[in-house]
Amino acid sequence: MESIITDAEKSLDKALEFYERNDVALGYRPSLRYTDTICPIRPDALACVKAEFEIVDKYIDFFYKNLGIVVWKGLYGLDISDEAVGEITRITKNRLPEVVFSSYPELMSEADIVIFEPYKEDASSRDVTMAHEVWHLIEKKINLLQEHPFIAEGTATYAMMKFAGVNCDRPLEDFDDYLMMMYHGSANIVQNYVKNSKNPYLAMLDVDLRLKIQKELLDRVKPLLTDKIKKMLEPVEMHDAEEKMLKQTPEFANLVGNLTAENIVRAYRQMGAVKLVDELQGQNLDGLIYWFKKFGF
Ligand SMILES: [Zn+2]
């Protein structure tokens with residue numbers, strides 16, 4: 001564990017120097033912490049910025065607002081309204097402390113960057129990972145990190161690839177997997193907008209330009225979304241992370257061994273999702289049952 005941190009500190013040095021040379025210095029030395037677990041948001045991640053967990057509620061708002069209806073329709077085959085999406089969004093956000101943080105208490109430590117178990121096995125990605133995480137911290141410092149997950153991952157990935165001297169030339173539509181699309185597909189769109197700037201790093205911090213990038217991202221992501229989410233949820237380690245979080249919700253925990261359409265509806269009713277329950281009546285819930293089963297219920 002000691003040696004992992006020592007090693008990570010060296011990668012951190014390189015990332016900090018890189019941004020300093022490019023006139024976007026972070027201005028402080030972030031603290032690191034290693035934990036022998038996987039990242040709940042992205043199981044294959046080597047590291048993440050702690051701030052990403054502090055703003056999970058913002059991410060949830062963003063995803064549900066922009067993509068909620070598409071997911072319910074595409075993944076579960078169910079029609080629900082904006083109002084029902086808004087209701088379940090509020091409930092999910094209220095549940096965050098017990099659901100996310102009680103599952104992963106180590107994420108609430110003081111460290112700026114949390115390093116996960118896969119880091120040990122992947123020596124070749126350590127420098128670029130640190131370049132990616134430090135970019136998140138640069139955006140956090142000026143309060144940009146909390147707005148848009150797609151653009152946050154797109155800019156961090158673009159900065160990371162520049163650090164590695166590699167272009168992000170593959171368009172978003174080329175990526176089969178949702179996470180690859182979010183990271184590398186978004187990075188391609190970011191690249192299109194900033195590559196001709198005198199300083200692409202400073203250009204990425206421009207709020208107006210980010211709004212334009214975000215708009216194009218969403219316009220292109222929405223039609224592709226559900227197939228890619230299904231692919232993202234295929235790997236077993238993704239099930240583990242989802243399962244752990246879903247089972248922390250007491251109403252869902254009761255579904256283990258009792259997975260029926262009626263019980264799922266009852267769980268949502270107990271959570272207070274009245275509108276959602278109302279809209280689910282009379283619809284075929286097989287799609288929803290299928291995904292709960294996949295997550296170990
Ligand atoms: Zn990231």
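The values are calculated or read from the model by the stated rules, or taken from the named source; none is laboratory data. Worth saying up front: this structure is predicted, and the values here are computed from it rather than measured. FYI the Cβ positions are ideal-geometry reconstructions off the backbone, even for glycines, and counts take in every protein chain you see.
Among what's in segment 190-212 and is more than 16 Å from the ligand (Cβ to nearest atom) and β-branched (Val, Ile, Thr), pick the residue that is surrounded by the most Cβ atoms within 10 Å (Cβ to Cβ).
Among residues in segment 190-212 that are more than 16 Å from the ligand (Cβ to nearest atom) and β-branched (Val, Ile, Thr), the one surrounded by the most Cβ atoms within 10 Å (Cβ to Cβ) is 194.
Does residue 158 meet the test of being touching a residue at least 40 places away in the same chain (Cβ under 8 Å), among the hydroxyl-bearing types (Ser, Thr, Tyr) and either more than 12 Å from the ligand (Cβ to nearest atom) or farther than 18 Å from residue 210 by Cα (or both)?
no
Among the residues of segment 142-155, which ones are more than 14 Å from the ligand (Cβ to nearest atom) and either touching a Leu at 6+ places or on another chain (Cβ under 7 Å) or farther than 23 Å from residue 113 by Cβ (or both)?
Scanning segment 142-155 gives a single hit, 142.
Take the residues of segment 107-124 that are assigned to a helix (DSSP H, G or I) and touching a Pro at 6+ places or on another chain (Cβ under 9 Å): which is nearest to residue 165 (Cα to Cα)?
Looking at residues that are assigned to a helix (DSSP H, G or I) and touching a Pro at 6+ places or on another chain (Cβ under 9 Å), I get 118.
Can you report the number of residues in segment 6-19 which are farther than 20 Å from residue 202 by Cα and either touching a residue at least 60 places away in the same chain (Cβ under 8 Å) or of a type in the set (D, E, K, R) (or both)?
Number satisfying all stated conditions: 7.
Does residue 261 satisfy being more than 20 Å from the chain's Cα centre (by Cα), within 27 Å of residue 45 (Cα to Cα) and not hydroxyl-bearing (Ser, Thr, Tyr)?
No, not satisfied.
Of the numbered conditions (1) within 16 Å of the ligand (Cβ to nearest atom); (2) in contact with a strand residue (DSSP E or B) (Cβ under 7 Å, 6 or more places away or on another chain), residue 109 fails exactly one; give the number of that condition.
(1)
So, of the residues in segment 161-174 that are over 21 Å from residue 26 (Cβ atoms) and more than 16 Å from the ligand (Cβ to nearest atom), which turns out to be surrounded by the most Cβ atoms within 10 Å (Cβ to Cβ)?
It comes out as 172.
For residues that are under 14 Å from residue 136 (Cβ atoms) and not in a loop (DSSP other than H, G, I, E, B), scanning just segment 33-51, find the one that is farthest from the ligand (Cβ to nearest atom).
The selected residue is 51.
Grab the helices (runs of 4 or more DSSP H) fully contained in segment 189-291, keeping just those with 1 or more residues being at pLDDT below 90 and within 18 Å of residue 157 (Cβ to Cβ).
Ranges flagged: 225-232.
Quick one: is residue 133 of a type outside the set (Val, Ile, Thr), in contact with an Asp or Glu (Cβ under 6 Å, 6 or more places away or on another chain) and under 25 Å from residue 4 (Cα atoms)?
no
With (1) among the aromatic types (Phe, Trp, Tyr); (2) over 28 Å from residue 169 (Cα atoms); (3) at pLDDT 95 or above as the list, and residue 101 as the residue in question, which single condition is left unmet?
(3)
Looking at segment 20-32 only, could you name the residues that are part of a loop (DSSP other than H, G, I, E, B) and touching a residue at least 24 places away in the same chain (Cβ under 8 Å)?
Once the filter is applied, which keeps residues that are part of a loop (DSSP other than H, G, I, E, B) and touching a residue at least 24 places away in the same chain (Cβ under 8 Å), segment 20-32 yields 22, 23, 24, 26, 27, 30, 31.
Within the group 282, 272, which residue is out of contact with any His (no Cβ under 7 Å at 6 or more places or on another chain), touching a residue at least 12 places away in the same chain (Cβ under 8 Å), surrounded by fewer than 16 Cβ atoms within 10 Å (Cβ to Cβ) and at positive phi?
Just one listed residue meets the conditions, 272.
Among the charged types (D, E, K, R), surrounded by fewer than 20 Cβ atoms within 10 Å (Cβ to Cβ) and modelled with pLDDT of 90 or more: which single residue out of 54, 9, 2 fits that description?
Exactly one of 54, 9, 2 is among the charged types (D, E, K, R), surrounded by fewer than 20 Cβ atoms within 10 Å (Cβ to Cβ) and modelled with pLDDT of 90 or more, namely 9.
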